[in-house]
Structure formats: C-alpha cells, structure tokens
1. Condition check: at pLDDT 60 or above and either assigned to a loop (DSSP other than H, G, I, E, B) or over 20 Å from THR288 (Cβ atoms) (or both). Does GLN131 satisfy that?
2. Condition test on PHE56, is it of a type outside the set (Ser, Thr, Tyr), under 16 Å from LEU328 (Cα atoms) and crowded, with 19+ Cβ neighbours inside 10 Å?
3. Do any strands (runs of 3 or more DSSP E) entirely within the range 23-107 hold 2 or more residues that are touching a residue at least 60 places away in the same chain (Cβ under 8 Å), and if so, which?
4. Within the range 310-341, count every residue that is more than 17 Å from LYS102 (Cα to Cα), assigned to a helix (DSSP H, G or I) and either of a type in the set (D, E, K, R) or touching a His at 6+ places or on another chain (Cβ under 8 Å) (or both).
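The values are calculated or read from the model by the stated rules, or taken from the named source; none is laboratory data. Since the model is a prediction, treat every value here as computed from it, not as a measurement. Don't worry about glycine lacking a Cβ; one is built from the backbone with ideal geometry, like all the others, and counts go over all protein chains shown.
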Amino acid sequence: MKRIDWWLVIPVILLSCLGLLILRSVELELFWYQLGFVILGILIWIFVSIVDHKIFMAFWVWGYVISVILLILPVIFGSYIRGSYRWITLGPVLLQTSEIVKPILLIFVAMAIKKWYVLFVIIPLLMIWRQPDLGSTLVLTAGIVTMIVSKYSLKKVFLWAGLAAVILGLSARLFLHDYQKDRLTTFINPYADPLNTGYHVIQSVIAVGSGGMWGRGLGRGTQSQLRFLPEYHTDFIFATMAEELGFAGSFLILIIYYVMLWRLYTLLILSEDPVAKLYLQGVLGMLTFQIFVNIGMNIGIAPVTGITLPFLSYGGSSLVSLMITFGLVQSISSQIRLNKV
C-alpha cells in the first residue's frame, strides 16, 4: 500500500467512475460492457505496476516487433468497420490494435532515441495512419515528438516544426481522405454545411451550452438521450457530460485532469532514470494533446479528429492501453520513492 501513488490512482478511478456514470445514463448496455473493461484494466494495472519497469524496457525490440504484427492483423483478419481496418474480433470483443501499441511504441522510442533506428517508429505510425486512424496517429505522434524535443535545442525544434507544418500543409491535399479534408473545412465554418459535415460540431456546442451551471440532470440531456448528438459515448462524451452535469461537472473533470498531468510532470522532474524520464515525457505529451483536442472539438475550438477522452470515453481497447501506460508510470513512481529512501 505504501508503494501506491495515490496522486495517480485517485484521478484514474474518479475519471473511470464518472465515465461509467455518464454511460449508465445514456445506455445501460454500454455501461456493463465498459464496467467489465474497467475491472480488467485495474487488474492489468496492478500486474504491470508491481513489475519493475526496467524489465518491460529490456524487451523494447520485441515490443516493436509485436506492435508491427498487431497492426498487420486487422488487415488480414480484421473487420471492416466505418471505412477502416482497425479492429480484430476476439469472441464478443472488438480489439483496436492501434490503441494497444501506444505504450509499447513509447517504450521503443525511449530506448532507441539515441540511436538512428529510432526512425523505425515511422513504420507503425504510417500503418496506423493508413488504416485509416488519423486520431491515434496524431495522439501517438504528439507523445513521440514530446520525447524528441527534449533532446534538441528550441531553435532546432522550431525550425523542424515550421518545416513539418509546411510539408503537411502542402501534402494535405494529396494524402488526406475526403472526410478528413471536410473536417478541417468544417472547423473553420461548421455552419457552411450544418446538416452534413458541420452537424457533429453544431450539436456538440448546443449540448455543452444547454447544460448551464448545474446541468439538466443524469438521463435528462436531450441531445444525447434523443440521439441528436453523434458519437455521444465516445468522441463527444464531454458534451454529453456537460449537458447532464453542467459547468460544475465540466470544471470538476478539468480539475481531475490537471491533477493527473501535474503528477506526471512531478514524476518527470523527480526521475533520475533517463529512459523513465523520456517515457514520462511521452505519456505527458500524449495525454495533454489528447485531452486538449477532444475537449476542444467538443466546444468548437478544434477540428473533429476522432480522438477520445482518456478514461471517460467508451472503449475497451483505449482503457486497457491507458491502464498499461499508467501501470508503467506507477512502477516508475515506486522506483523514485525507493531511491529517495
């Protein structure tokens, strides 16, 4: 019990419970499914956290190989759902492999960042992007870039960032799918096509605004309960929560996320292990980006990219991935405490 980092545990438990609470109010079947994955995720977290993180780091090459294999499986054996190959079927469960590989690839980058073969991380990133899964690609890239940035001067970082922005801007027309281009256009003016490409953003903003200070109450949100709000349980669960719990509930969520990110930053500062420090940087960058973009697209200040909200959004694969990630963080935290004794 003394090894448990409650500054990590409490935010995760609170967010998971709030996610279950919202899912219970909108659809009972989703609640039971997610509850099963919360229990499974906690067991995985306990297992990963009691193992020294250096043991997992030692198998970084095999982890990379396993990641590539996992990303190939949906193409060969996966289900074609909503225009993409992202999932493999395991009995009654759909496993999204791009979620599972996130913590594994962060380990790979942390171990290989001083060596030229860190460039091999581009292969799984391209595979995720080609599924297509732009959201997961951006989230994982944010974590990796945060790790790389720490190794170079700000001058070089800004130079590379500017060059990357130019390249991405010029290649967007060639490499982005039509629906991805529509999302960028919709972000600028969602009311240009309110019944099609702009529908998600408009309904989300209505849901957030209609919650007021204290919300309409659980099970009483018109946008989510009447299904005007698309993806009310995944991408737009923050809008669902804001409508039912209001500004007060939204503010509570932000406070919990702040505590979580603050703790990750604190551990990053305290860690003396360079590999663990890099891994924490990647997790911090990945989660910060994911939280900002998801909430931003729910309130209309960021384009819709299919990025879920950590621990709140419905999805077993995402939850398991996060529990693995935080299990490793807990293991690092335990090591930091032992070193301080």
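1. Judged against the criteria, GLN131 is a match.
2. yes
3. Per the criteria, 93-96.
4. Qualifying residue count, the range 310-341: 5.
Matching residues to (1) aliphatic (A, V, I, L, M); (2) touching a residue at least 60 places away in the same chain (Cβ under 8 Å); (3) crowded, with 24+ Cβ neighbours inside 10 Å:
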{"site": "HIS233", "(1), (2), (3)": "no, yes, no"}
{"site": "VAL283", "(1), (2), (3)": "yes, yes, yes"}
{"site": "PHE289", "(1), (2), (3)": "no, yes, no"}
{"site": "PHE292", "(1), (2), (3)": "no, no, no"}
{"site": "GLY300", "(1), (2), (3)": "no, yes, no"}
{"site": "GLY306", "(1), (2), (3)": "no, yes, no"}
{"site": "ILE324", "(1), (2), (3)": "yes, yes, no"}
{"site": "ILE332", "(1), (2), (3)": "yes, yes, yes"}
{"site": "GLN335", "(1), (2), (3)": "no, yes, no"}
